[in-house]
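**Student:** What follows is a structure written as structure tokens; I'll ask about it next.
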Amino acid sequence: MYRAFCSFVCAFVLSMPAQADTLRLAVAANFTAVLEQLVTAFDPDQQHDISISSASTGVLYTQITRGAPFDVFLAADRARPERLEAEGLILPGSRATYAIGQLALWQPGNSPQSASDLLPGRLAIANPATAPYGLAAQQVLKANNQWQPEQLVQGTNIAQTYQFVDSGNVTQGFVALSLLLQQGVPEQRWALAPSHLHAPIEQQLVRLKRSENNALAARFLQYMQTPAAQELIRQRGYGIADGTD
């Protein structure tokens, strides 16, 4: 079950007196392109200084705990946002689900019928220790009795994992559906991993304490709840949070 943004965001929009000029967004690699599109739609005339830093969720979490100056963190899981909440590094009540990720087996030279239809040889996945999509891939492989660590090529994040396969260095990989749709990969070249084989890839965001007086952060999160923004997220290969916790 998932938490809606609206009540928290609207409260901060009403309480903040002035518009901030800058906004620092930290985002998990899988959602970078979508976030760039959301930012463009939110600020089409580039009236604000909005920057996006992309890496794996684990790497960004570590940077935040070491004082990285981000206002909003869009993770690829809920575990790291929950840790930041427990550590007192976020604004109370700001943790919310913004998208539900989907995992797919991609084979550019083949037409997999299911996520268990692996080719012989190496398989690319993201690092399960730092990347939620990698953890989901590990769970799928173990559920199908196909977990063979010696056959794996691990990317530091899901974007690098995609590049391993796209470059031809690896013939197959578990990647984010959103990246496949973004690049126009033909549907016959991938197969969705059944969601019941892995924990939900519940992507959550938080507002860090440094953004308490940043009205622009509140306005951007409010924009993400508009029908247009929600439809863009859905079209890019994500499920949408249902508004409950």
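**Student:** Would the range 186-194 turn up any residue that is under 30 Å from Gly67 (Cα atoms) and either among the hydroxyl-bearing types (Ser, Thr, Tyr) or under 22 Å from the mean Cα position of the chain (by Cα) (or both)?
**Tutor:** No - not one qualifying residue is present in the range 186-194.
**Student:** Does Ala136 satisfy the criteria of being in contact with a His (Cβ under 6 Å, 6 or more places away or on another chain) and open to solvent by less than 40 Å² (accessible area, probe 1.4 Å)?
**Tutor:** For Ala136, the condition - in contact with a His (Cβ under 6 Å, 6 or more places away or on another chain) and open to solvent by less than 40 Å² (accessible area, probe 1.4 Å) - is met.
**Student:** Working only within the range 143-168, note down all residues that are in contact with a strand residue (DSSP E or B) (Cβ under 9 Å, 6 or more places away or on another chain), in a loop (DSSP other than H, G, I, E, B) and at pLDDT 95 or above.
**Tutor:** Within the range 143-168, Gln146, Gln148 meet the criteria.
**Student:** Right, next: Taking into account only those residues within the range 19-70 that are assigned to a helix (DSSP H, G or I) and among the hydroxyl-bearing types (Ser, Thr, Tyr), which is nearest to Glu202 (Cα to Cα)?
**Tutor:** Thr57
**Student:** Limited to the range 187-209, what total is found for residues that are buried (at least 22 other Cβ atoms within 10 Å of the Cβ) and within 21 Å of Leu123 (Cα to Cα)?
**Tutor:** 4
**Student:** Is it fair to say Leu232 is under 15 Å from Ile100 (Cα atoms), among the aliphatic types (A, V, I, L, M) and either in contact with a helix residue (DSSP H, G or I) (Cβ under 8 Å, 6 or more places away or on another chain) or outside any helix (DSSP H, G or I) (or both)?
**Tutor:** Considered against the rule, which asks whether it is under 15 Å from Ile100 (Cα atoms), among the aliphatic types (A, V, I, L, M) and either in contact with a helix residue (DSSP H, G or I) (Cβ under 8 Å, 6 or more places away or on another chain) or outside any helix (DSSP H, G or I) (or both), Leu232 comes out as yes.
**Student:** Looking at the range 71-93 only, could you name the residues that are in a helix (DSSP H, G or I) and either more than 22 Å from Pro200 (Cα to Cα) or of a type in the set (A, V, I, L, M, F, W, C) (or both)?
**Tutor:** Ala79, Leu84, Ala86
**Student:** Still on this model: So which pairs qualify, if the first residue must be in the range 77-92 and at negative phi, the second must be open to solvent by 30 Å² or more (accessible area, probe 1.4 Å) and in a loop (DSSP other than H, G, I, E, B), the Cβ gap must be under 8 Å, and the two must be at least 6 apart or on different chains?
**Tutor:** Leu91/Glu212
**Student:** Filter the range 1-52 for residues that are modelled with pLDDT of 50 or more, surrounded by fewer than 22 Cβ atoms within 10 Å (Cβ to Cβ) and touching a Lys or Arg at 6+ places or on another chain (Cβ under 7 Å) and give the result.
**Tutor:** Ser51
**Student:** Does the range 111-126 hold any residues that are touching a residue at least 12 places away in the same chain (Cβ under 8 Å) and open to solvent by 60 Å² or more (accessible area, probe 1.4 Å), and which are they?
**Tutor:** Those that are touching a residue at least 12 places away in the same chain (Cβ under 8 Å) and open to solvent by 60 Å² or more (accessible area, probe 1.4 Å): Gln113, Arg122.
**Student:** Could I ask something else about it? Ala129: touching a residue at least 24 places away in the same chain (Cβ under 8 Å), assigned to a strand (DSSP E or B) and closer than 23 Å to Glu150 by Cβ, yes or no?
**Tutor:** no
**Student:** Does at least one position in the range 194-208 carry a residue that is farther than 21 Å from Ala28 by Cβ and of a type in the set (Val, Ile, Thr)?
**Tutor:** no
**Student:** Could you list, in sequence order, the residues of the range 210-225 that are open to solvent by 40 Å² or more (accessible area, probe 1.4 Å), more than 19 Å from the chain's Cα centre (by Cα) and not basic (Lys, Arg)?
**Tutor:** Answer for the range 210-225, where residues must be open to solvent by 40 Å² or more (accessible area, probe 1.4 Å), more than 19 Å from the chain's Cα centre (by Cα) and not basic (Lys, Arg): Glu212, Asn213.
**Student:** If I filter the range 178-185 for residues that are on the phi > 0 side of the Ramachandran plot and either basic (Lys, Arg) or open to solvent by 10 Å² or more (accessible area, probe 1.4 Å) (or both), do I get at least one hit?
**Tutor:** Yes, there is a match, as at least one residue in the range 178-185 is on the phi > 0 side of the Ramachandran plot and either basic (Lys, Arg) or open to solvent by 10 Å² or more (accessible area, probe 1.4 Å) (or both).
**Student:** Name, by its number, the condition in (1) touching a Gly at 6+ places or on another chain (Cβ under 9 Å); (2) among the β-branched types (Val, Ile, Thr); (3) under 21 Å from Gly109 (Cβ atoms); (4) surrounded by fewer than 24 Cβ atoms within 10 Å (Cβ to Cβ) that does not hold for Thr161.
**Tutor:** For Thr161, the failing item is (4).
**Student:** Condition first: farther than 18 Å from Ala75 by Cβ and not in a helix (DSSP H, G or I). Now tell me which residues in the range 176-224 satisfy that.
**Tutor:** If the condition is that a residue be farther than 18 Å from Ala75 by Cβ and not in a helix (DSSP H, G or I), then Gln183, Gly184, Val185, Pro186, Trp190, Ala191, Leu192, Ala193, Pro194, Glu212, Asn213, Asn214 are the ones that fit.
The values are calculated or read from the model by the stated rules, or taken from the named source; none is laboratory data. Source: prediction; values computed, not measured. Because the Cβ atoms are built from the backbone with ideal geometry, glycine has one as well, and the counts that use them run over all protein chains shown. Ligands, DNA and RNA are excluded from the accessible area calculation, which covers all protein heavy atoms including side chains. Shrake-Rupley method; radii C 1.70, N 1.55, O 1.52, S 1.80 Å.
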